[in-house]
Amino acid sequence: MLIRCWGARGSIPVSGGEYLKYGGDTTSIEVVSSEGDLIIIDAGTGIRRLGNRIVKQDDGRINIMLTHPHWDHLSGFPFFKPLYRSNSEIHIRGPRTTQDSLMKIISRTMSPPYFPVELEDIHAEIEFHGTGPESFWIGPVRVTTIPLNHTNRGVGYRLEEDGKCFVFLTDNELAHPHPSGLGFDEYVRFSEGADLLFHDAEFTPEDYEQTRGWGHSLYTDTLNLALKAGVKRLGLFHHNQDRTDEEIDRIETDCRRIIRENGSGLECFAVATGVEAEV
């Protein structure tokens, strides 16, 4: 599998000289299987540029997997150009346990007076598939889900192909319980042995004095999860909208210090827009 990041920012897109290294677009991850299957995780503002590339390559079949319906994970959807092509076949998957149907949630991103084109007026062929606790397959990729420990519910994903594994757990608070979430040990088991884990690492200990219960993790808790799960590579994800490149660098440096002190071989990096990884 090839994994590309098109947006790693949380809550709202940002721009400016202090955000150049890690980027300002919100969540969108591209996964390409060994057989060329295209899987997109979340439709934050990063999906716009990905869509521009897709229409140039003329890819027809697209799989989109949504983690949850918060705006920073959906706001790029109306600007995804493959929607407006009649030869696009788009399969959209998301949690059945949200407060509304997946189709209705998507429709709201393209409804007046907020957007001039409604979902029923686009040209692409779209199918909606609710995901539950059971695994499903996209080409050669086996996908397993887990409930996120986050406000308004959601799901994380484990993607496996040819003995390799990528786990994506954004918007997952490890230190505070939410009604639909699970405990720390369950997320350790879900991530166990992953070749690559992208996990929410939005807050510092100083932030967390004011943000406990907001649905996002301390970067130290995320690192602890990766160490306990025996993950090979950890990508720190969902950067706070106000976190500058320099501040993210400091978080990454502190994580690497802790890893050295633990004598671990874990590779840790802060995920930047444009980063690619192969598992």
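Quick notes on this one:
- The one condition in (1) part of a helix (DSSP H, G or I); (2) of a type outside the set (Val, Ile, Thr); (3) more than 28 Å from Val143 (Cβ to Cβ) that Leu227 fails to fulfil: (3)
- Test: Thr204 is closer than 17 Å to Thr67 by Cβ, in contact (Cβ under 8 Å) with a residue 12 or more places away in the chain and among the β-branched types (Val, Ile, Thr): no
- Scanning the stretch 225-269 for residues that are of a type in the set (A, V, I, L, M, F, W, C), crowded, with 18+ Cβ neighbours inside 10 Å and farther than 19 Å from Pro205 by Cβ yields Ala229, Val231, Leu266.
- Of Val167, Val141, all but one fail to be buried (at least 21 other Cβ atoms within 10 Å of the Cβ), modelled with pLDDT of 95 or more, in contact with a helix residue (DSSP H, G or I) (Cβ under 8 Å, 6 or more places away or on another chain) and not polar (S, T, N, Q); the exception is Val167.
- Condition met for Asp195 (farther than 24 Å from Arg93 by Cα and either of a type outside the set (Gly, Ala, Ser) or in contact with a helix residue (DSSP H, G or I) (Cβ under 6 Å, 6 or more places away or on another chain) (or both)): no
Okay, residues lined up against (1) charged (D, E, K, R); (2) outside any loop (DSSP other than H, G, I, E, B):
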| position | (1), (2) |
| --- | --- |
| Asp242 | yes, no |
| Glu246 | yes, yes |
| Thr253 | no, yes |
| Arg256 | yes, yes |
| Ile259 | no, yes |
| Gly265 | no, no |
| Gly274 | no, no |
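- Checking every residue in the stretch 193-202 against the condition of being in a helix (DSSP H, G or I) and either touching a strand residue (DSSP E or B) at 6+ places or on another chain (Cβ under 7 Å) or surrounded by fewer than 17 Cβ atoms within 10 Å (Cβ to Cβ) (or both) gives zero matches.
- Yes/no for Leu119 being touching a Gly at 6+ places or on another chain (Cβ under 9 Å) and surrounded by 17 or more Cβ atoms within 10 Å (Cβ to Cβ): no
- With respect to being in a helix (DSSP H, G or I) and within 23 Å of Ile40 (Cα to Cα), Phe190 fits the description.
- Here Gln210 qualifies as polar (S, T, N, Q) and assigned to a helix (DSSP H, G or I).
- Criterion applied to Val31, Val55 was being out of contact with any Gly (no Cβ under 9 Å at 6 or more places or on another chain), β-branched (Val, Ile, Thr), more than 15 Å from His238 (Cβ to Cβ) and surrounded by fewer than 22 Cβ atoms within 10 Å (Cβ to Cβ), and the one residue passing it is Val55.
- The strands (runs of 3 or more DSSP E) located wholly in the stretch 110-187 that include 3 or more residues which are farther than 30 Å from Glu209 by Cα and in contact (Cβ under 8 Å) with a residue 12 or more places away in the chain occupy 125-131, 141-147, 155-161, 164-169.
- Residue match in the stretch 250-268 (condition: in contact with a strand residue (DSSP E or B) (Cβ under 7 Å, 6 or more places away or on another chain), over 28 Å from Thr45 (Cβ atoms) and in contact (Cβ under 8 Å) with a residue 40 or more places away in the chain): yes
- Residue check for Phe80: at pLDDT 90 or above, within 20 Å of Ile12 (Cα to Cα) and touching a Phe, Trp or Tyr at 6+ places or on another chain (Cβ under 7 Å): no
- Residue among Arg53, Arg48 that alone is free of Cβ contacts under 8 Å to residues at least 24 places away in the same chain and either of a type in the set (Lys, Arg) or not in a loop (DSSP other than H, G, I, E, B) (or both): Arg53
- Some residue of the stretch 30-41 being of a type outside the set (A, V, I, L, M), more than 18 Å from Thr131 (Cβ to Cβ), assigned to a strand (DSSP E or B) and at pLDDT 95 or above: yes
- Thr67 buried (at least 18 other Cβ atoms within 10 Å of the Cβ), of a type in the set (S, T, N, Q) and within 15 Å of Thr273 (Cβ to Cβ): no
The values are calculated or read from the model by the stated rules, or taken from the named source; none is laboratory data. Predicted model, so just to flag it, every value in this text is computed and none were measured. Backbone-built Cβ (ideal geometry, glycine too); neighbour counts: all protein chains shown.
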